[in-house]
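Below you'll find the structure, written out as structure tokens, and then a few comments.
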Amino acid sequence: MEIDLKWPDEWQDAARRGACLHCGNSLGNFWNTADGPFCCRGCKAVYEMIHQENLDRYYDLKPDTHAPAATLRPDSFGWLDRLLEENPPAADGVVHLELDIQGVHCAACVWLIGELFRRCEAGISLRINPTVGKVDLSWNTTRGELKEFLAEIEKFGYRLGPSRKGPRKQSRALLMRMAISISMAMNVMMFSLSYYFGLDAETGALYRFFGWLSLALATISLIAGGGVFFKGALAGLRQRVAHLDLPISLGMVLAYSGSVYGFLTGGPEHAYFDSLTIFIALMLVGRWAQEHILERNRNALLDSSGAENLTVKRLVDGVLSAVPATDIVQNDELWIAPGDLLPVQGILMRQSTQVALDWITGESDQVGFQPGETIPAGAFNATTQGFSVTACEDFEDSRLQDLLRSSTLSDDDFKPRWWHNISTWYVTLVLLAAGLGFGLWVGKDPTVALKVTISILVVTCPCAIGLATPLAEELVHHALRRSGVFLRKPSYLEKALDVRQILLDKTGTLTMGALRLDAESRQALDALDPRDRAVLHHMTGRSNHPVSRAMWAYLEGQARGEADLSPQAMEDLKEIPGQGLELAVGDEKWRLGNSEFAFSEPEAHFSSKEGTFFVRNQTDSWDLLARVTTSEDFKVDAAGEVKTLRDMGFKVFLLSGDAQAKVDVAAAALGLPADHSLGDLSPEAKARRVKELDQRDTLMVGDGLNDSPSFEAALCAATPAVDRPVLPGKADFYFLGDGIGAIRRSLQAARHLRKVVRDNLALAILYNVGAVALCLTGHVTPVVAAILMPISSVSVVSLTALRLSAGRLSWTSS
């Protein structure tokens, strides 16, 4: 791996290891040395800020690896204005707020946020619960602005929002049931050991007393723990599906019934209470593990799945107030601050502006509007100044509301085929074996027949499915989390097995959301006179246009010289939306913009009208200083990952709302055939195309609200748009970082999980064949059952943990 010897020793060591200096994840196959030893921009920015702020202890507290840092679009904090209006500070200026937080992964994150809060004079108290993603804070509004603290931690990849996450009812209930079942199992095992070591009827009353206690504890365990599986089994039977919970439930009920019968007729040593309670506890551990990891992934983001989180400022009688977007009606006057979203169509008032439409249409370029023109719903204020609009419609009639209402297929609608086949075969074989055992012995001794039947159902422990598989899923979830992939739906790892076609949005999904100067443009800027270069740097630094940002970023790293311009002169900079920038200083005037704006007769100065022109006027004639052309800055691994996905056998399509010409250029850069790239697609047209491609095997990846209908149409969906949690709330998974490698890793994870589970099932079959043979011969006693079941459980769980250990998951480090 190439290393820059000018780097600090710490940087060189990280590059040699191939690990990100901030998060510890692999730098990947497409790492660019120019980026330093960091896997993404977010990690690099956070690393630099941590050192600038003397917060290096963060790296002493963090684990070896955690998810990459998120790159967030700046929040305008309109929700906070609304929250403070609803919950005003007390007389002394102190306000107490319960908020949701996103981006907290470990104890180091908690420490970092707490340290930043401690440095704020206005901060009073802060409590963070990273597991549920909640924060309780007290702030003195007379001593400082809370928005400043929120903006500060946002730079480190954390974001706060209004409290909307509900209690974790499912996993909390499972945790309580699991605790009860484990405690019952431990006590029953203690009583059972006394029988194994010689306690018998001749001992006296203690013999029966321990038996009755075991019965009581097993009954509690069956009611508290078994109910989870009984419910699943009954739900499957109603749908005529042999759900995996069916054999588990049958085993529990029959083992309990047989144990009660054996206890009442033969004594405690003929019961299986210990095996039963251990079995219930183990099955609950597996079920809780499945639910817990998914809830953690859901809680890692703010909860925002619709319009309830959108806030806008409305002007009434000269007073601005923050209101929910759902309250907006036609003719309301709205103030759209920098970074705010326009929730309805609005007529622009008073001054021109520029907006970004990428979230709503997929267009990569910003669009300029003049007073009197109508700005579409879903536009973001892309400038550094606010603007006023008059609402043309009620929010309920807004196109934005239509898209927000779109949703993905729920897990209830997904019918798992692979697991359904496995569970059906397992249920059938276990029941046939139990029936065979009963038939072989019923003619000889009905009591032994019942014992053999129950023994088969007890020792044919479905631990490979009920315990090892949830463990395998949790280990895969953890591995994906560390690499920045967060699964939100339990069905994805099975849906991924059916995926054959991958549909990619362009803007924001494959691109960095920024423009890049081509080689000729960089040479033109390098050739500028030092003063002209310094003027251009100042001009572009005061504009939010993507072309200006690209030029400023390049000039920022060059020797620029001094512009010798007063602050007052720089404030005279004019930005004309849709045309360009103009700066006049004395007799000199500079312009940066399109050809019509830069020249009165552009053909006389340059053969091409394409591009952005930087010109200077001194004597009523314009001199061309530089012509700049840009292209979209693709994610560094985009072309390589697309090729890898195609080599793996997936069909890859590019679907975008951007112009077809730009989509064709992107497809060529990614190596995609022309017929696999479609542009100029409306949200509805994109969704129709997904259905035409066969929605039963499609994975849709997008980052704009215009992708929402496509998410609904596809089998499964993913998004990198963590700064706008509406889409993650609709997706099967979301991912962090600057690349798209998460798509491949999630698909490889599903295939690897299936392989591990298949191998576990093969081992389980071998074990069960031997166990059933012993049962059929009548040699399985409660003691044998108590030995066989734990051995099988420990073996398959240990093998699963070994095969899914961090060092063996190669797909997470490439």
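So, of the residues in segment 72-98 that are hydrophobic (A, V, I, L, M, F, W, C) and closer than 18 Å to F156 by Cα, which turns out to be farthest from the chain's Cα centre (by Cα)?
Going through the qualifying residues, I end up with F77.
For every residue, the table says whether it meets (1) touching a residue at least 40 places away in the same chain (Cβ under 8 Å); (2) in contact with a Cys (Cβ under 8 Å, 6 or more places away or on another chain); (3) under 30 Å from T311 (Cα atoms).
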{"site": "R696", "(1), (2), (3)": "yes, no, no"}
{"site": "G729", "(1), (2), (3)": "yes, no, yes"}
{"site": "A742", "(1), (2), (3)": "yes, no, no"}
{"site": "H752", "(1), (2), (3)": "yes, no, no"}
{"site": "I765", "(1), (2), (3)": "no, no, no"}
{"site": "V769", "(1), (2), (3)": "no, no, no"}
| query | Which of (1) more than 30 Å from L693 (Cα to Cα); (2) modelled with pLDDT of 90 or more is the odd one out, the single condition G649 does not satisfy? | reply | (1)
| task | Report the residue count in segment 727-768 for those that are of a type in the set (V, I, T) and within 11 Å of the chain's Cα centre (by Cα). | result | 0
| field | Residues satisfying the stated conditions in segment 584-594, i.e. open to solvent by 50 Å² or more (accessible area, probe 1.4 Å) and in a loop (DSSP other than H, G, I, E, B) | value | G586, D587
| request: Give segment 256-279 a look and list any residue that's crowded, with 24+ Cβ neighbours inside 10 Å and either without any contact (Cβ under 8 Å) to a residue 12 or more places away in the chain or more than 20 Å from G225 (Cβ to Cβ) (or both), or say none. | output: P268
| Can you name the strands (runs of 3 or more DSSP E) wholly within segment 102-180 that have at least 1 residues being free of Cβ contacts under 8 Å to residues at least 24 places away in the same chain and within 26 Å of G78 (Cβ to Cβ)? | 123-129
| request: Taking A14 as the residue in question, decide whether it is farther than 30 Å from E148 by Cα and open to solvent by less than 20 Å² (accessible area, probe 1.4 Å). | output: yes
| query | Conditions: (1) under 19 Å from the mean Cα position of the chain (by Cα); (2) under 30 Å from G386 (Cβ atoms); (3) not in a loop (DSSP other than H, G, I, E, B). A69 meets all but one. Number of the miss? | reply | (3)
| message | Based on this model, can you work out whether E373 counts as modelled with pLDDT of 80 or more, charged (D, E, K, R) and either within 23 Å of H545 (Cα to Cα) or open to solvent by 10 Å² or more (accessible area, probe 1.4 Å) (or both)? | response | yes
| request: Would you point out which residue out of P338, P343 is part of a loop (DSSP other than H, G, I, E, B) and open to solvent by less than 10 Å² (accessible area, probe 1.4 Å)? | output: P343
| said: Against the condition modelled with pLDDT under 85, assigned to a helix (DSSP H, G or I) and under 36 Å from the mean Cα position of the chain (by Cα), how does A235 come out, does it pass? | reply: yes
| said: Suppose we filter segment 681-694 for residues that are touching a helix residue (DSSP H, G or I) at 6+ places or on another chain (Cβ under 9 Å) and within 16 Å of L504 (Cβ to Cβ); how many remain? | reply: 6
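Tell me which residues, restricted to segment 524-536, are open to solvent by less than 20 Å² (accessible area, probe 1.4 Å) and part of a helix (DSSP H, G or I). Give the derivation first.
Within segment 524-536, the subset open to solvent by less than 20 Å² (accessible area, probe 1.4 Å) is 525, 528, 532, 534-536.
Listed by number, the residues that qualify are L525, D532, A534, V535, L536.
Among what's in segment 595-614 and is outside any loop (DSSP other than H, G, I, E, B) and open to solvent by 100 Å² or more (accessible area, probe 1.4 Å), pick the residue that is modelled with the lowest pLDDT.
Restricting attention to segment 595-614, the residues satisfying the condition of being outside any loop (DSSP other than H, G, I, E, B) are 595-598, 602-604, 612-614.
Add one more test, that the residue is open to solvent by 100 Å² or more (accessible area, probe 1.4 Å), and what stays is 596, 603.
Details: E596: 77, E603: 48.
Ranking the candidates gives E603 first.
Conditions (1) under 30 Å from Y256 (Cβ atoms); (2) of a type in the set (G, A, S); (3) at pLDDT below 80; (4) out of contact with any His (no Cβ under 9 Å at 6 or more places or on another chain), marked per residue:
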residue	(1), (2), (3), (4)
A281	yes, yes, no, yes
H292	yes, no, yes, yes
S304	no, yes, yes, yes
E308	no, no, yes, yes
K313	no, no, no, yes
N331	no, no, no, yes
Q351	no, no, no, yes
A356	no, yes, no, yes
| field | Odd one out for C109 among (1) in contact with a Pro (Cβ under 9 Å, 6 or more places away or on another chain); (2) among the hydrophobic types (A, V, I, L, M, F, W, C); (3) more than 30 Å from T65 (Cα to Cα) | value | (3)
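Looking at G741, G737, can you tell me which residue is buried (at least 24 other Cβ atoms within 10 Å of the Cβ), under 24 Å from R646 (Cα atoms) and in contact with a Pro (Cβ under 6 Å, 6 or more places away or on another chain)?
Values: G741 fails: in contact with a Pro (Cβ under 6 Å, 6 or more places away or on another chain).
None of the others qualify; the one that does is G737.
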| said: Looking for something more than 23 Å from T511 (Cα to Cα), charged (D, E, K, R) and modelled with pLDDT of 90 or more - is there at least one such residue anywhere in segment 730-748? | reply: no
| L126 modelled with pLDDT of 90 or more, out of contact with any Cys (no Cβ under 7 Å at 6 or more places or on another chain) and either under 30 Å from L213 (Cβ atoms) or not charged (D, E, K, R) (or both) | yes
| message | What's the number of the only condition in (1) open to solvent by 60 Å² or more (accessible area, probe 1.4 Å); (2) assigned to a helix (DSSP H, G or I); (3) in contact with an Asp or Glu (Cβ under 7 Å, 6 or more places away or on another chain) that I50 fails to meet? | response | (1)
| field | Some residue of segment 22-30 being more than 20 Å from the chain's Cα centre (by Cα), open to solvent by 20 Å² or more (accessible area, probe 1.4 Å) and on the phi < 0 side of the Ramachandran plot | value | yes
| query | Is there any pair with a first residue in segment 280-300 that is of a type in the set (F, W, Y) and a second that is assigned to a helix (DSSP H, G or I) and open to solvent by less than 30 Å² (accessible area, probe 1.4 Å) whose Cβ atoms are under 8 Å apart and which are 6 or more apart or on different chains, and what are they? | reply | W288/S171; W288/L174; W288/M178
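Quick check, is E575 part of a strand (DSSP E or B), at pLDDT below 80 and open to solvent by 40 Å² or more (accessible area, probe 1.4 Å)? Before the answer, list the steps.
Details: part of a strand (DSSP E or B): yes; at pLDDT below 80: yes; open to solvent by 40 Å² or more (accessible area, probe 1.4 Å): yes.
The answer is yes for E575.
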| request: Would you check which residues across segment 481-523 are part of a loop (DSSP other than H, G, I, E, B), open to solvent by less than 10 Å² (accessible area, probe 1.4 Å) and charged (D, E, K, R) and list them? | output: D505, K506
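Look at T812 and say whether it is under 39 Å from the mean Cα position of the chain (by Cα), buried (at least 19 other Cβ atoms within 10 Å of the Cβ) and at pLDDT below 70.
Working: under 39 Å from the mean Cα position of the chain (by Cα): yes; buried (at least 19 other Cβ atoms within 10 Å of the Cβ): yes; at pLDDT below 70: yes.
Yes, satisfied.
Got a sec? Which of G378, G368, G386 is on the phi > 0 side of the Ramachandran plot and among the small types (G, A, S)?
Result of the check over G378, G368, G386: G378.
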| request: Quickly run through segment 630-679 and pick out the residues that are crowded, with 16+ Cβ neighbours inside 10 Å and either among the polar types (S, T, N, Q) or at positive phi (or both). | output: T630, S631, T644, S656, S677
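The values are calculated or read from the model by the stated rules, or taken from the named source; none is laboratory data. Because the structure is a prediction, the values reported are computed rather than measured. Don't worry about glycine lacking a Cβ; one is built from the backbone with ideal geometry, like all the others, and counts go over all protein chains shown. Keep in mind that these areas ignore ligands, DNA and RNA; they rest on the heavy atoms of the full protein, side chains included. Shrake-Rupley method; radii C 1.70, N 1.55, O 1.52, S 1.80 Å.
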